[in-house]
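The values are calculated or read from the model by the stated rules, or taken from the named source; none is laboratory data. Quick caveat, the model's predicted, so the values are computed rather than measured. Note: ideal-geometry Cβ built from the backbone for every residue, glycine included; neighbour counts use all protein chains shown.
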Amino acid sequence: MFYFDDYLGNKVLRSDYLKNINAFFTTRGVNIYPRNGIRVISPIQTHSDHIEVVDKRNGYPDTDGLIVTKQNIMIYLRFADCTPLIFYDPINKIGAVSHAGWRGTAAKIGVKTIKKMGEIFGSKAKDIVALIGPAISVCCYEVSDDVREKLISTVNNIDGLILGKNVDLKQINARQLQEAGVEKIDICPYCTSCNNDLFYSYRKENGTKERHFAALML
């Protein structure tokens, strides 16, 4: 279940699925910046399905997923309608954040993220906790026939994923993860377009360049 909380004086959204690590989604006007020696890392997002493991570098070009294994490093990605995904493996104590717009969702970036966690660090899908954050919801997300077909082709069961010309990006990402073996998934109920007073919306705000964030620190 999602709830609002405070992080360094800022209003953020958390899930009670993850209580032992610092994982949250920011609201409008919240900045992420280094404090108390914490290293803060964000990639250059391009709606790709490229995922990197954080090391000593600062730059991660063409990257829409980051995996972190060390403490005192905060990773974050930027959003304004696209679906934010946060992952945590409590067994191996590693986490990840991924950016799933329609292109990332069609490329199954969430599934690719947990697979990379497994290939490199031995994470098992059944152990991973997944948070699907605030994003544009099915009520406001009308897409072309071509995009809709690309999205629904990524899952075996499409029940409940389509409403007329609209698709449910959050539920498609959840369905992909479920079919990949993830059992613990918390889905945020907030629509970024309907709740534009809380979150940025690219569609509602005519292409705004402002972004809210999905952040994780072990």
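Residues that are of a type in the set (A, V, I, L, M), farther than 11 Å from I73 by Cβ and free of Cβ contacts under 8 Å to residues at least 40 places away in the same chain within segment 31-57 comprise just one, I44.
The residues on offer are D159, D186, and the sole one that is touching a strand residue (DSSP E or B) at 6+ places or on another chain (Cβ under 9 Å), outside any helix (DSSP H, G or I) and either farther than 12 Å from G110 by Cβ or of a type in the set (S, T, N, Q) (or both) is D186. Would you pick out the residues in segment 60-109 that are assigned to a loop (DSSP other than H, G, I, E, B), surrounded by fewer than 23 Cβ atoms within 10 Å (Cβ to Cβ) and in contact with a helix residue (DSSP H, G or I) (Cβ under 6 Å, 6 or more places away or on another chain)? Answer for segment 60-109, where residues must be assigned to a loop (DSSP other than H, G, I, E, B), surrounded by fewer than 23 Cβ atoms within 10 Å (Cβ to Cβ) and in contact with a helix residue (DSSP H, G or I) (Cβ under 6 Å, 6 or more places away or on another chain): I91, N92, K108.
Checking each residue in segment 143-169 for being of a type in the set (S, T, N, Q) and touching a helix residue (DSSP H, G or I) at 6+ places or on another chain (Cβ under 7 Å) picks out T154, N156, N157.
Residue pairs whose Cβ atoms lie under 7 Å apart, separated by 6 or more positions or on different chains, with the first residue in segment 194-213 and among the β-branched types (V, I, T) and the second modelled with pLDDT of 95 or more, are T208/A80; T208/Y200; T208/Y202.
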